[in-house]
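Everything on this sheet refers to the single structure shown next.
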Amino acid sequence: MLDIPVASPPRNVDLAGLAGMLAQSLPTGSMVAVCWNDERLGEGESIVDGASGRMLERARSLVAGAPPCRDGGGRTVEDAWHEGDAVVSIAARLPEALAPGSCEAWRALARRLVSATLASAQAEARIESLRKSERLQQALYGIADLAGSGLDMAQVLKRIHGVVGGLMSAENFYIVAYDDMRGTTRFLYFADRRDTWVADPEMEIPLEDMPASLTVALLRHGHPLRGPSERLRDQLGVDRAAIHGPDSADWLGVPMRREGRVCGAIVVQSYDQPDCYTDEDRALLEFVAQHILTALDRKHAQAELERRVVARTRELQQANEVLQAEIVERQRAERLQRALFRISELSFTAGSVEGFYNDLHAVVGELLYARNFYIAMVSSDGDHIEFPYSVDERDIIRKPRRMIRGLSEYVIKSGRALLADHAVIARLEASGELQHHGSLAHFWLGVPLLRDGVAVGVIAVQSYSPDIAFTIHDQRLLTFVAHHIGGALARKRSQDHLKAAHAELEYRVEARTRELEEANRELRAQMSERLRAEERLIHQARHDHLTGLPNRIHLLERLDAAIARTRAQARGPFAVLFLDLDRFKLVNDSVGHAAGDEMLVEVGRRIARLLREGDVVARLGGDEFAVLLGDAGDEAAAQAVVARILADLGRPMWIAGRELFPSASVGIAMWQPRYHHGEDLLRDADAAMYRAKALGRDRSELFDEEMRAEATRLLDLEADLRRAILSDAFEPWFQPIVDLADGRVVGHEALLRWNHEVQGPLPPGAFIGVGEDSGLIEQVDWLVYRRAFQWMTRHREGYVSINVSPRHFHSDNFAERLLRMLEDVGADPARLRIEITEVALLDDAPRALRMLKTLRARGVYALLDDFGTGFSALSYLHRFPIHALKIDQSFVAGLDDEMHPESLALVRAILALAGTLGIDTIGEGVETAAQAETLRQLGCTMGQGFLFGRPMPAPAAGDRGAA
């Protein structure tokens with residue numbers, strides 16, 4: 001924005017005499033001071049002659065905001081007020097007091113007079129500002145017009161000088177250009193009344209050649225400079241040099257900037273009028289300088305453009321001459337190209353051979369003189385020459401003839417073109433190379449028609465007038481055209497053959513089409529059958545083959561869709577039922593698998609007929625079914641559906657001639673926002689089903705947070721168990737087994753303990769169930785077996801018994817692996833006892849018997865653990881090599897309890913049985929001396945329990961054993 005200082009008040013309005021005018025309305029000798037502060041007029045003041053400086057200071061303080069004095073005794077009158085954007089104050093001192101009324105009247109008069117005077121001054125200032133703006137606008141318009149004018153640069157700069165002279169004193173004026181990268185200047189324009197130096201706008205002057213130049217100092221300083229040149233040199237540290245012209249009384253220079261960098265300057269100066277330029281002139285010249293720079297840039301660009309236009313015009317003229325020559329050649333080539341294109345097109349479009357030759361004649365006639373034109377072709381036997389086309393003004397008809405020494409035969413035999421006039425023909429006849437036939441032409445031109453490089457014909461043109469001659473160019477042109485004509489003739493013949501072949505092909509295609517239609521009908525029939533087969537396969541992949549119900553894959557898809565639909569539509573919850581038939585294995589084992597399959601079909605049928613539309617029943621496998629209740633509503637509604645299903649299943653059904661009463665255990669899982677996959681819902685319903693089986697079967701259980709917590713606990717426990725196996729966090733604790741007769745320790749039982757990283761040592765009851773279900777218990781057992789065997793090698797007194805899970809007896813190589821581990825560790829097999837349960841003997845009796853015999857042969861004895869709590873069949877005591885019976889602690893605990901006399905009878909019976917069979921006995925869970933004494937009196941040889949010692953880690957057990 002143009003920063004022009006506030007203009008001085010216009011001279012038409014006498015602001016300085018304002019105080020005097022006010023004093024005339026007061027008594028003689030009154031002193032008046034007036035001050036004002038206006039945005040347009042600036043700060044000003046007026047005071048009568050003879051007034052004191054204190055009065056002027058008081059008026060100034062009133063303008064600054066001091067409160068006027070209202071009680072001056074009539075001799076002091078003060079006032080201050082806002083007049084628009086101006087602040088005005090008056091201070092008066094009277095030689096004699098005025099009446100209060102007169103003071104107020106004078107204040108009002110003073111306000112009106114001052115306001116009117118200021119308003120007039122403001123109006124004059126606005127008018128003067130508009131005049132200056134108009135002059136500035138006209139100057140800018142003039143500069144812009146000069147940039148687009150046709151004047152040369154010198155005239156433009158001279159007129160710019162005149163424009164600046166209309167704005168300020170510019171008799172001495174120059175414009176300098178500056179290249180900061182090269183460190184040079186050029187004086188584009190120089191006009192001076194006293195300095196006679198003549199500037200060359202094209203000459204670059206290095207800055208180092210003008211060390212004492214005030215202009216160079218301005219360019220380096222980069223900011224406007226105003227004042228006497230001598231003072232400016234002192235200010236900028238520039239020495240005086242007469243070569244740079246005389247000193248000026250007032251010097252004003254402003255830099256020109258392009259993209260923030262100084263690129264030149266404009267300077268005006270006055271030699272005889274100090275303070276000729278004001279800050280307003282400086283700001284004005286600075287503003288105008290940028291517009292002058294823009295105009296100069298545009299003028300330079302215009303001059304450069306004109307120079308380039310002239311150079312480009314010369315280039316275009318030269319290119320045009322070359323282009324004209326190319327156009328002539330291109331027109332000739334285009335005519336030839338059109339002719340060749342027409343020749344190529346004729347081979348496909350001509351209807352007959354005669355029409356084809358006639359059109360060829362027309363094409364050749366466009367390229368050269370061809371009024372007399374013919375085509376000669378060698379016959380198929382090679383002995384004759386034929387003329388399929390001939391147009392001649394003298395030889396109207398050309399008949400076929402034998403191959404002789406004519407002009408056409410000469411070209412065919414030589415395979416080269418021949419351009420001949422009378423003299424050439426005569427010379428060839430004289431040499432015997434040819435014998436002319438027909439009318440003799442003045443000029444004859446013939447070129448061979450080639451097929452696979454062999455001449456098979458001739459194209460010839462001839463002239464009977466000496467005014468029409470053929471040239472070498474015509475020969476080359478006709479040779480080139482003949483090459484394409486030969487190709488066209490070949491294509492024409494091929495097209496004729498193709499038409500015949502096409503007719504034959506159409507007949508064959510029609511016959512083949514009929515065959516394909518018949519094959520297509522057969523194929524569509526096969527495709528339809530294949531689609532039906534695919535549909536059957538898809539149905540089989542998504543449905544159970546026995547019951548026809550959806551299978552697990554289909555159910556999971558429906559569950560995922562139900563979850564997505566419920567989340568998107570905020571519908572009510574749905575439910576999943578997991579149903580497992582109770583004691584179904586008994587049906588298969590008793591009446592056969594076919595009857596079991598029949599029962600499964602009937603169960604699926606009964607469940608399906610109880611469901612609503614939109615519900616899904618699926619068979620997951622075996623005797624497991626699942627039901628999706630699409631709109632269960634709440635838990636009560638889901639349980640009501642389950643009750644109906646259980647009631648309907650409980651009705652008798654006839655299977656294989658037997659009346660069966662099936663039942664089922666059902667788990668219910670209601671949809672909750674935490675479920676994201678159908679597999680999760682099915683898993684929780686399965687967990688609830690197992691809870692129902694554990695609580696007595698033929699009932700339902702709803703999956704709740706307690707089950708979820710238990711399932712989470714078991715899952716975490718299984719993960720901990722797997723990590724513990726990897727870190728070998730299991731060890732045996734040893735509990736002594738003593739001889740009840742003398743209290744001597746005869747052996748130890750190695751009891752499993754898990755050193756849990758958080759909970760500390762855990763007994764088997766805390767994790768054995770998870771270990772059995774997950775199959776990890778076998779890995780845990782082998783870790784503990786190795787440690788127990790290692791302990792045996794360090795403590796050689798007594799035997800060590802280890803607990804063997806029934807799962808080990810499912811492995812054929814258990815006995816061999818156990819013996820091999822004993823051998824690797826170096827332990828004596830005769831000191832090892834294995835404790836097994838009755839279940840291990842009953843699952844696969846032949847395999848169990850074989851393993852026990854293998855171990856017995858190496859000295860490893862078997863102890864039957866928890867005897868009396870299972871089947872307690874006498875037969876397997878006789879069949880299996882059992883070394884000792886361990887009487888269950890539940891029987892031992894009742895020996896000193898008068899409330900359980902049956903315990904004494906059972907223990908006595910067990911001991912009697914063992915004694916008869918010659919089997920040792922061990923009483924488990926002995927905690928009191930009375931229990932130990934009763935066992936000893938009944939004939940029990942050994943005891944184990946807290947009375948004799950608690951299970952201890954290996955080091956403590958070793959110390960106790962030694963003790």
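Find out how many positive minus negative residues lie around Ile538, taking Lys and Arg as positive, Asp and Glu as negative, among other residues whose Cβ is under 13 Å from that of Ile538.
+1
By the gyration tensor of its Cα atoms, with a ≥ b ≥ c the square roots of the eigenvalues, what is the shape of the range 36-83: rounded for a/c under 1.5, prolate for a/b over b/c, or oblate?
oblate
If you bin the C-alpha pair distances of the range 386-463 every 10 Å from 0, what whole percents do you get?
For the range 386-463, the pair-distance distribution reads 18, 55, 26, 1.
Between Ala490 and Arg401, what is the spin-label point distance in nm, taking each point 7 Å from the Cα along the Cα→C-beta axis?
3.0 nm
Taking the beta-carbon count within 10 Å as an exposure proxy, list Val114, Val454 from fewest neighbours to most.
Ascending number of Cβ neighbours within 10 Å: Val454, Val114.
If you wrap the range 725-962's Cα atoms in a convex hull and average its projection over all directions, what's the area in nm²?
13.1 nm²
Of all alpha-carbon pairs in the range 728-813, indicate the percentage at a distance above 23 angstrom.
Numbers: 1097 of 3655 pairs.
Counting pairs separated by more than 23 Å, the tail of P(r) holds 30 percent.
When Rg is the radius of gyration of the Cα atoms in the range 240-355 and Rh is its Kirkwood radius, what does Rg/Rh come to?
For the range 240-355, the value is 1.61.
Would you kindly work out the equivalent ellipsoid of the range 18-130 from its C-alpha gyration tensor and give its semi-axes, the square roots of five times the eigenvalues, largest first in whole Å?
For the range 18-130, the ellipsoid semi-axes come out as 24, 14, 13 Å.
Specify which residue in the list Val216, Gly415, Phe356 is farthest towards the positive end of the charge dipole of the chain, using unit charges on the beta carbon of Lys, Arg (+1) and Asp, Glu (-1), about the Cα centre.
So the residue furthest toward the plus end is Gly415.
Could you tell me what % of all Cα pairs in the range 318-440 have separations over 20 Å?
59 percent
Provide the three semi-axes, in whole Å and in decreasing order, of the ellipsoid equivalent to the chain as defined by the square roots of 5 times the Cα gyration tensor eigenvalues.
Details: eigenvalues 2501, 1382, 244 Å².
Semi-axes (√(5λ), whole Å): 112, 83, 35.
Starting from the exponent 0.38 and prefactor 2.2 Å, build the expected Rg for the range 566-655 from its residue count and divide its actual Cα Rg by it.
Working it through for the range 566-655, the quotient is 1.22.
With r as the distance between the Cβ atoms of His539 and Arg950 and R0 = 56 Å, compute the FRET efficiency 1/(1 + (r/R0)^6) and round to 0.05.
Efficiency computed from Cβ-Cβ geometry: 0.30.
Can you compute the helix-only [θ] at 222 nm over the chain? Use -39500 (n - 2.57) per DSSP H run of at least 4 residues, normalise by all residues, nearest 500 deg cm²/dmol.
Values: 27 runs with 470 residues, N = 963.
The per-residue figure over the chain is -16500 deg cm²/dmol.
With only alpha-carbon pairs counted, each pair once and no self-pairs, how large is the Kirkwood hydrodynamic radius of the range 36-195 in angstroms?
Averaging 1/r across every pair of different Cα atoms and inverting gives 20.8 Å.
Under a Cβ-only charge scheme (Lys and Arg +1, Asp and Glu -1), can you give me the dipole magnitude of the chain about the Cα centre, in debye to the nearest 20? Working shown, then result.
On the way: 113 positive and 141 negative charges, 488 e Å.
The dipole magnitude comes to about 2340 debye.
Add +1 for every Lys or Arg and -1 for every Asp or Glu among the other residues with Cβ under 10 Å from the Cβ of Gln122, and state the total.
Result for the neighbourhood of Gln122: -3.
Can you sort Ser380, Ser590, Ser408 by how many other beta carbons sit within 10 Å, fewest first? Walk me through the intermediate numbers first.
Details: Ser380 8, Ser590 13, Ser408 28.
In order of increasing Cβ crowding within 10 Å: Ser380, Ser590, Ser408.
Output the Cα-based Rg and Dmax of the range 812-943 in Å, rounding Rg to one decimal and Dmax to a whole number.
Gyration radius and largest Cα-Cα distance of the range 812-943: 16.1, 51 Å.
Just the ratio, please: alpha-carbon radius of gyration of the range 435-529 over 2.2 N^0.38 Å, N its number of residues.
2.13
Once the Cα gyration tensor of the range 543-703 is found, what semi-axes does its equivalent ellipsoid get, as square roots of 5 times the eigenvalues, in whole Å, sorted largest first?
Largest first, the range 543-703 gives 27, 16, 13 Å.
With each label point set 7 Å from Cα along the Cα-Cβ vector, what nm distance links Leu130 and Glu83?
Distance between the two pseudo-spin positions: 2.1 nm.
List the lysines whose Cα lies under 24 Å from the Cα of Lys693, skipping any in the same chain that are fewer than 8 positions away.
Cross-link targets: Lys585.
Once you sort the root eigenvalues of the Cα gyration tensor of the range 873-955 as a ≥ b ≥ c, which label holds: rounded (a/c under 1.5), prolate (a/b larger than b/c) or oblate (the other case)?
Because a/c hits 1.5 or more and a/b fails to exceed b/c, the range 873-955 counts as oblate.
Using all Cα-Cα distances in the range 361-421, what percent lands in each 5 angstrom bin from 0 up to the longest?
4, 16, 23, 25, 22, 8, 2
Using the Cβ atoms and a cut-off under 14 Å, what net charge is assigned to the surroundings of Val666, where Lys and Arg are +1 and Asp and Glu are -1?
Numbers: positive: Arg606, Arg644, Arg691, Lys693, Arg697, Arg699; negative: Asp580, Asp582, Asp623, Glu624, Glu635, Asp648, Asp684, Asp686, Asp698, Glu701.
Once all neighbours under 14 Å are counted, the net charge is -4.
For the range 148-308, just the Cα set please: Rg and Dmax, both in angstrom.
Rg then Dmax for the range 148-308, in Å: 15.1, 48.
Mind sorting Arg683, Arg58, Arg565 by how few other Cβ atoms lie within 10 Å of their own Cβ, fewest first?
Numbers: Arg683 16, Arg58 20, Arg565 12.
Listed from fewest to most nearby Cβ atoms, that is Arg565, Arg683, Arg58.
Charges on Cβ only, +1 for Lys and Arg, -1 for Asp and Glu, centred on the Cα centroid of the chain; of Leu885, Ala643, Ala568, which one is farthest towards the dipole's positive end?
Among Leu885, Ala643, Ala568, the one farthest towards the positive end of the dipole of the chain is Ala568.
Sticking with the crude label model, points 7 Å out along Cα→Cβ, report the distance from Asp234 to Arg683 in nm, one decimal please.
9.7 nm
Give, in nm to one decimal, the length gained when the segment between Ala333 and Arg908 is fully stretched (0.36 nm per residue of separation minus the Cα-Cα distance).
193.9 nm
No value in this document is a laboratory result; all are computed from the given coordinates. Quick caveat, the model's predicted, so the values are computed rather than measured. Cβ atoms come from the backbone with ideal geometry, glycine included; neighbour counts cover every protein chain shown.
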